[in-house]
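Trainee: Pasting a structure here, questions to come.
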Amino acid sequence: METSLNYAAITFDGVLALVLLVLAWQLLRSPNLSKAIVLFISFGLMLSIAWVRLKAVDIALAEAAIGAGLTGALFLTALDRLQRNEANDCDRQDTPRSSQNGNPQIKSEDSD
Amino acid sequence: MIRKNGNHLFSRPGQSIAAIGVLTLTGILGWTVWTLPPFSDQMSALISSKMPISGVDNPVTAVLLNFRGYDTLLEIGVLLLAAVGVLSVAPSAVMRADSSPSPILVLLLRLMLPFIILVSGYILWIGKYAPGGAFQAGAVLAAGGILLVTAAVRFNLSASKAMPLATGIGLLIFLIMALATMMVCGNFLQYPVTLAGTLILVIEAAATLSIAAALVRLFVGVKSDTDPPASGEDSKILTFEEENLIK
Amino acid sequence: MNIPILYELVGVILLGMGLYSLVIYSHLFRKILALNVSGAGVFLFLVAAADRTSGPLPDPVPHAMVLTGIVVAVSATALALALACRIHQVSGNAQLTDNKPE
């Protein structure tokens, strides 16, 4: 029974490590910024499980509350403010800007 | 100003150079990880032997508040500094909700705020015996504060006199305790052994309030658009019963 | 490979990925995300190194350091986001530009 528990632990740790790496890779390389922020929140939750696996329960509590929750809320609020400012700018002027080499989109990331 | 490369800051050769540099660094660090000694017990043995005089039962709380209390004092100072910095970028940040929050959010606020306060107090108290403590409790209370700021219509948090006091009280109490223990016991932040548990609880309670207030201010500073607030009708503080009557 | 070594390697790889993305991308939000990811990698390395004890309990000093580090990281992220939003509001552009004039 002890060896089967050990295999389960090894499998769980391996899968968790893989999930962490894949989430980080996807969040850093996705072209859509709101998708990246949502992936960052789930990355924080998976990291919280990793802290429990490493016997650091205090850090798991703090990461779930601060790292995933609060940082995610900060990012989403900032992104919303960015997109609202751009919407105001686009409403205010209806000609494309002249410095864009004939490309009439707005300057930041396209949101889908 | 659209640059040639879209999202990226460098051209292709520059990206390859950066990739090679990062891969080299990662390789060196990975090799170091592989050759670390398998066991290192000195610090944990030292802390386990000194646990009876620290006044608490949780080793992480003992290290945070007693053995390395100076780090925690400076960390609360850093949080306060960040809140001041964010508020200086957005000087007219008013902690008030939008005029029409979603009804789901209002329901969530009404159901969860008492539980948030209760859970935060529990986590603060249990930090002496089990995983918990000031930072986790402060973060949960900050979540409640953020709910209040985004969902409570006509609740003007920035008109309250308690908010600046709550933001500063953690650092203030910690400094007062540090100077008092310096006068009594001789060293900065050296607690007397019989009073250590009580002092830690008092410092943690003040720190919880301070951390929660600073985190809510950080959130409001990022959220606010530096437009001056509409004058007049939204500057009074109304309670929830009055809000029900108005609706 | 036991548990601490696996998480230490994951932490080092996260640090590398975050550092590369910090250098490469031009949008300020991506840089802040990359800094957070590499910070998470460093914390993972610290806590995994704390697990290398021969007894059942881990070493609590790196736990306290990482707890402090998480709070400092969130305050730095909040300040960086406030500054990035302000830059976007003032100049209309949240991406860094090249150094040479066009």
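The values are calculated or read from the model by the stated rules, or taken from the named source; none is laboratory data. Everything numeric in this text was worked out from a predicted model, so none of it was measured. Backbone-built Cβ (ideal geometry, glycine too); neighbour counts: all protein chains shown. Surface accessibility is based on the protein's heavy atoms, side chains included, excluding ligands, DNA and RNA. Shrake-Rupley method; radii C 1.70, N 1.55, O 1.52, S 1.80 Å.
Trainee: Cα centroid distance between region B:158-174 and region A:1-52, in Å?
Mentor: Cα centres, region B:158-174 to region A:1-52: 38 Å.
Trainee: Taking 0.36 nm per intervening residue step and subtracting the Cα-Cα distance, what contour gain separates B:Leu23 from B:Ser88 on full extension?
Mentor: Numbers: separation 65, 0.36 × 65 = 23.40 nm, distance 3.93 nm.
Answer, rounded to one decimal: 19.5 nm.
Trainee: Would you please put A:34-44, B:162-172 in order of how densely packed they are, using the mean number of other Cβ atoms within 10 angstrom per residue and starting with the highest?
Mentor: Sorting A:34-44, B:162-172 by mean packing, highest first, produces A:34-44, B:162-172.
Trainee: Then there's this: Checking the table B:Lys161/B:Lys223; A:Lys55/B:Lys161; A:Lys35/B:Lys161; B:Lys128/C:Lys31 against a 30 Å threshold on Cα-Cα, which pairs fail?
Mentor: A:Lys55/B:Lys161; A:Lys35/B:Lys161; B:Lys128/C:Lys31
Trainee: Let me check something: with ligands and nucleic acids excluded, how do B:Phe115, B:Phe219 order by accessible area (1.4 Å probe), largest to smallest?
Mentor: Ranked from most to least accessible, the order is B:Phe115, B:Phe219.
Trainee: Along the three principal axes, how long is region B:1-151 when you take its alpha carbons, biggest first, rounded to the nearest angstrom?
Mentor: Rounded to whole Å, the extents work out to 57, 56, 30 Å.
Trainee: Give me the distance in nm between label points sitting 7 Å out from Cα along the Cα-to-Cβ direction at A:Asn32 and A:Val19, one decimal.
Mentor: Inter-label distance under the simple model: 2.2 nm.
Trainee: Expressed in nm², what is the orientationally averaged projection area of the convex hull enclosing the Cα positions of region C:32-102?
Mentor: Working: hull surface 25.3 nm².
It is 6.3 nm².
Trainee: What quantity of accessible surface, computed with a 1.4 Å probe and excluding non-protein components, is buried in total between chains C and B, in Å² to the nearest 100? Walk me through the numbers on the way to the answer.
Mentor: Working: alone 7490 and 15830 Å², together 19230 Å².
Interface between C and B: roughly 4100 Å².
Trainee: Probe radius 1.4 Å, ligands and nucleic acids left out: can you give me the accessible area buried at the A-C interface, summed over both chains, in Å² to the nearest hundred? Don't skip to the end; give the middle numbers.
Mentor: Values: alone 8710 and 7490 Å², together 12340 Å².
The buried area between A and C, both sides summed, comes to about 3900 Å².
Trainee: Can you run phi through the Karplus equation (6.51, -1.76, 1.60; θ = phi - 60°) for region B:157-173 and list ³J(HN,Hα) in whole Hz, with x for Gly and Pro?
Mentor: 6, 7, 8, 7, 7, 7, 5, x, 5, 5, 5, x, 6, x, 5, 5, 5
Trainee: Also, quick follow-up: Ordering B:Met51, B:Met182 from largest to smallest accessible area (1.4 angstrom probe), what's the sequence?
Mentor: So the residues, ranked largest to smallest area, are B:Met182, B:Met51.
Trainee: If you don't mind, there's one more thing I want to ask. First measure r as the distance between the Cβ atoms of A:Asp80 and B:Tyr70, then evaluate 1/(1 + (r/R0)^6) with R0 = 35 Å and state the FRET efficiency to the nearest 0.05.
Mentor: The formula returns an efficiency of 0.35 here.
Trainee: Sticking with this structure for a sec: Ignoring solvent entirely, what values of log10 I(q)/I(0) come out of the Debye formula for region B:109-173 at 0.14, 0.17, 0.20, 0.23 Å⁻¹ when each Cα is a single scatterer?
Mentor: One equal scatterer on each Cα of region B:109-173 leads to -0.48, -0.69, -0.90, -1.07.
Trainee: Based on the Cβ-Cβ distance from B:Ala180 to B:Ala45, what FRET efficiency comes out when R0 is 45 Å, to the nearest 0.05?
Mentor: Efficiency at R0 = 45 Å is approximately 0.90.
Trainee: Heavy atoms of the protein only, probe of 1.4 Å, neighbouring chains included. What is the accessible area of C:Val42 in Å², nearest 10?
Mentor: 60 Å²
Trainee: Let me confirm one metric for peptide B:63-74, namely the mean number of other chain beta-carbon atoms within 10 Å of its residues' beta-carbons.
Mentor: Across the residues of B:63-74, the mean count of other-chain Cβ atoms within 10 Å is 3.
Trainee: Compute the distance in nm between two label points, each set 7 Å from the Cα along the Cα-to-Cβ direction, one at B:Thr35 and one at B:Val202.
Mentor: Result: 5.2 nm between the two label points.
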